[in-house]
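Working notes for the structure below.
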Amino acid sequence: MNPTPKQRIWMYEAMLKSRLFDEAVFAAYWEGKKPLFHMGKGPLPGEMHQSFGQEPTAVGVCAHLGPDDAVGAGHRPHHVAIARGVDLKRMAAELFGKKTGLSGGRGGHMHLYDNRVNFFSSGIIAEGMGPGAGMALARKMQKKPGIAVAFNGDGAVNQGAFHEVMNMAALWKLPFICVIEDNKYAVSVTTRESTVVQAWQRAAAYDCPGEYVKGNDPDLIFAAAGRAIQHARDGKGPAILELETERLHGHFIGDSAGYRAKEEVAAQQDPLPLYRKRLLDEQVLSAADLASLESQVKQEVGAAMEYGRESEYPAPQEALERVFARGPTGRAKI
Amino acid sequence: MTQQAPDTGGSARTLTMARAGREAVIAEMRKDPNIFVIGEDVAKLGGVFGTTVGMAEEFGAGRVIDTPISETGFIGIATGAAMAGMRPIVEIAFVDFIGVCFNAIFNFAAKTHYMSGGQFKVPMTLMIGYGGGYNDAAQHSQCLVATLAHVPGIRIVTPADAYDAKGLMHSCLQDDNLTIWMVHKAIWGLGWLGTAIKTAMATVPEEPYAIPFGKARIWREGNDVTLVGYGITVHHALQAAEKLAAEGISAEVLDLRTIVPMDREAIMKSVRKTGRVVVADEDYMNCGVTAEVLATIAERDPRVLTAPAIRVANPDIPVPFSRPMENFALPDADKIVAAAKTTLQSSC
């Protein structure tokens, strides 16, 4: 299944939006953190895991999803959230810890939730597996349409949750897609050093389809994702989609990735200009169309970042709210 | 005895806690098709502790789901289903097994409502057995109530008899949060444990009723000393109160009923009256529920105490296997009696 021109333009736009967002976040992140790096300082505090280079995985998969579907992401969630259509302004505000953020500042960059598009992320490796498959189970039990997709890194495949959930998802034929983004590193440990059999090959153990897509290419990812998702939509159960991708930066901002060989880093390819060039070469978009699209995305990202930056902080005591559903609680009230 | 005996009308029967809790689950499942049961041995076996007997027959395998031994996986799956509108009941037969799925519980299920700013609710009830007293040793005899109560976002519900088991289960299933309904194995009414403690059986009305969280229950009124417990230690305390009464000592027995939220007002009210307190718990003493009860008094008004408080709890050892050593570790009526007498003989 090949993407239509319209789908390819959407994929480029979402990749670009993710990239420009990450660039803006990168710039803002360093404010207040120089000359001495302190993770808790500046307008964007905390760990920051960015998606530079991994944009194709999110767009190639999410291009197939509609409002009935659910998506879970991991600790590096920006590209997935953006491809899923999470509210960018409220996402930016969440990163800034503001009251207008998706969770009113209770989550931050690793813990993004937008129920409008059935999206969540978690900072714990392989955490998307259970809740993702659970959302698939709910759809099946309620006889509602839709599938659930969990995005995980290659490091997640060695967590117990990966195996436990794949086994149950296959047993119960859940409409569930396990996406493994193979960026080749779990922080500093390579896939080769950590994993004897890759996730897509393990699909055989769960009697479900497994596919490895090389090249970090949005069009190829789109095609493979289409096959896996159709399998799930047809009620045939889960699939494992393992996608080669690139982590162009360190594990988080501040990690200079000194553990990677210079030649290896030099050989990395940035998927964004490659895809841009392909769309131009294949005349999917004209230079003028591209310029207009890029200016529009830049404006949208700028507006989101400004919204996040300018929004009010929550009042400190708002921290006591939402521990439990129905009204404010917290130790003071218990 | 001044139990808050329910008005049972003509429809009450004497039930074990297992049957009473099960009755609430079945009633709620008939009402709400989004409720389902998932866990190990819940369908064909009817639960290791008989908590789900008959449910698979009535509701079918689609709503009573036997799982592989994969607690991390099925707790995570149940959480996702809850976020998507279902209301799962998950059985973890032994609380000791919670170690393998703690991440799914405390990093995700308990925090999702908060971290999503209230966008996603997790209306999920875990049904868990705990406690020792039958020589099952350190990996099948723990309580871990305080361990779970320590994490924000979880309601901890610990009924002590069949009446409360049913009423609190209705409340769990009607609540939009993660609730953990924990029953001590020795009071559940299991034949193979000899149904040792008969006071846990109670007259239970057939119709549904909900007992609110955070409302302690005074099982027995008294003036000289307050005996605080929950679950099995309520029954130890009742026995202790009988023994103390024979010696002319009037003990009040307070059942916390739910550990989170804790009825701190009730603790203060009782201790204000008696001036003396013994807190009994089968869980580990260190940083435990007993400490939380005493911290409540220390924070709110330590002047209500006329004597140092005493804790009767596991002396911070793994539950031993051998009978004399296990009995040494567990609280019982005699230990509570001794503690009550000590506090009555001292002052501060």
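Just so you know, all these numbers are worked out from the coordinates, no wet-lab data involved. Treat the numbers as computed from the prediction; the structure is a model and nothing was measured. With ideal geometry, Cβ positions are generated from the backbone for all residues, glycine too; neighbour counts draw on all protein chains shown.
Against the 2.2 N^0.38 Å scaling, with N counting residues, where does segment A:198-256 land? I'd like the Cα-based Rg ratio to two decimal places.
1.37
What is the magnitude of the charge dipole of chain A about its Cα centre, with +1 placed on the Cβ of each Lys and Arg, -1 on the Cβ of each Asp and Glu, and no other charges, expressed in debye to the nearest 20? Display every interim value, and only then the final one.
Working: 39 positive and 39 negative charges, 202 e Å.
With Lys and Arg at +1 and Asp and Glu at -1, about 960 debye.
Would you mind ranking A:F26, B:F36, B:F59 so that the residue whose beta carbon has the fewest other beta carbons within 10 Å leads the list?
A:F26, B:F59, B:F36
Long-range amide H contacts for B:H184: which residues qualify at under 5 Å (H placed 1.01 Å from N, peptide plane, sequence gap of 5 or more or a different chain)?
Here the answer is B:Y130, B:I232, since their amide H atoms fall under 5 Å of that of B:H184.
Would you order A:I9, B:I156 from fewest to most other beta-carbon atoms within 10 Å of each residue's own beta-carbon?
Taking fewest neighbouring Cβ atoms as first place, the list is A:I9, B:I156.
Is the shape of chain B rounded, prolate or oblate, going by the alpha carbon gyration tensor and its root eigenvalues a ≥ b ≥ c, with a/c under 1.5 for rounded and a/b larger than b/c for prolate?
Because a/c hits 1.5 or more and a/b exceeds b/c, chain B counts as prolate.
Order of A:97-103, B:41-47, B:80-86 by packing, highest average Cβ count within 10 Å first?
The most tightly packed comes first, giving B:80-86, A:97-103, B:41-47.
Among the listed pairs A:K89/A:K173; B:K166/B:K243; B:K44/B:K215; B:K111/B:K273; A:K140/B:K121, give every one whose C-alpha distance is greater than 28 Å.
A:K89/A:K173; B:K166/B:K243; B:K44/B:K215; B:K111/B:K273
What order do you get for A:T195, B:T290, B:T233 when you list them from fewest to most C-beta neighbours inside 10 Å?
Result, fewest neighbours first: A:T195, B:T290, B:T233.
Please state the equivalent ellipsoid semi-axes for the protein assembly as shown: what are the square roots of 5 times the Cα gyration tensor eigenvalues, largest first, in whole Å? It would help to have the intermediate numbers written out before the result.
Details: eigenvalues 549, 149, 89 Å².
So the three semi-axes of the protein assembly as shown are 52, 27, 21 Å.
Taking the Cα centre as origin and putting +1 on Lys and Arg beta-carbons and -1 on Asp and Glu beta-carbons, what dipole magnitude results for the protein assembly as shown, to the nearest 20 debye? It would help to have the intermediate numbers written out before the result.
Values: 69 positive and 76 negative charges, 196 e Å.
The calculation lands at about 940 debye.
Counting only helical runs of four or more DSSP H residues, what would the 222 nm mean residue ellipticity of chain A come to if each run contributes -39,500 (n - 2.57) and the total is spread over all its residues?
-13000 deg cm²/dmol
Would you compute, from DSSP H runs of 4+ residues alone, the mean residue ellipticity of chain B at 222 nm, taking -39500 (n - 2.57) per run and dividing by the full residue count, rounded to the nearest 500?
Calculated at 222 nm, the ellipticity per residue is -9500 deg cm²/dmol.
Distance between the C-alpha centers of segment B:275-348 and segment A:201-236? Whole Å please.
So the two Cα centres are separated by 58 Å.
Need the list of lysines near A:K262 for cross-linking: C-alpha distance under 24 angstrom, and skip anything on the same chain fewer than eight residues off.
A:K262 reaches A:K184, A:K214.
Tell me which of B:A43, A:Q296, A:A63 sits at the most positive position along the dipole axis of the protein assembly as shown, charges placed on C-beta atoms (Lys, Arg +1; Asp, Glu -1).
Result: A:Q296, furthest along the dipole toward the positive end.
Put +1 on the Cβ of every Lys and Arg and -1 on every Asp and Glu Cβ in chain A; which of A:A225, A:W172, A:M141 then has its Cα farthest towards the positive end of the dipole?
It is A:M141.
Along the charge dipole of chain B, Cβ charges K/R +1 and D/E -1, which of B:A240, B:V253, B:A202 sits furthest on the positive end?
B:V253
Under 1.5 on a/c is rounded, so check that first for chain A, then, if it is not, pick prolate when a/b is larger than b/c and oblate when it is not; a ≥ b ≥ c are the square roots of the alpha carbon gyration tensor eigenvalues.
Here chain A falls in the rounded category.
Once you average over the residues of A:159-171, how many Cβ atoms of partner chains fall within 10 Å of each Cβ? If you can, show how the numbers build up before the last one.
Numbers: counts 2, 7, 9, 2, 3, 14, 7, 1, 4, 9, 2, 0, 2.
Other-chain Cβ atoms within 10 Å of each residue's Cβ, averaged: 5.
Let me confirm one metric for peptide B:83-89, namely the mean number of other chain beta-carbon atoms within 10 Å of its residues' beta-carbons.
Mean shielding count: 6.
When you look at the Cβ of every residue in A:66-73, what mean number of other chain Cβ atoms sits within 10 Å? Walk me through the intermediate numbers first.
Numbers: counts 0, 0, 0, 0, 3, 0, 2, 0.
Across A:66-73, the average partner-chain Cβ count within 10 Å equals 1.
On a full-extension model of 0.36 nm per residue, what is the gain between A:A288 and A:E318, subtracting their alpha-carbon distance, rounded to one decimal in nm?
The A:A288-A:E318 span can extend by a further 6.0 nm.
Using Cα-Cα distances under 8 Å and only pairs 6 or more residues apart, what relative contact order does segment B:14-204 have, in percent? Walk me through the numbers on the way to the answer.
Numbers: 390 pairs, mean separation 49.8, N = 191.
For segment B:14-204, the relative contact order is 26 percent.
When a/c is below 1.5 the answer is rounded, else prolate if a/b is larger than b/c, else oblate, so apply that to segment A:102-174 with a ≥ b ≥ c taken from the square roots of the Cα gyration tensor eigenvalues.
oblate
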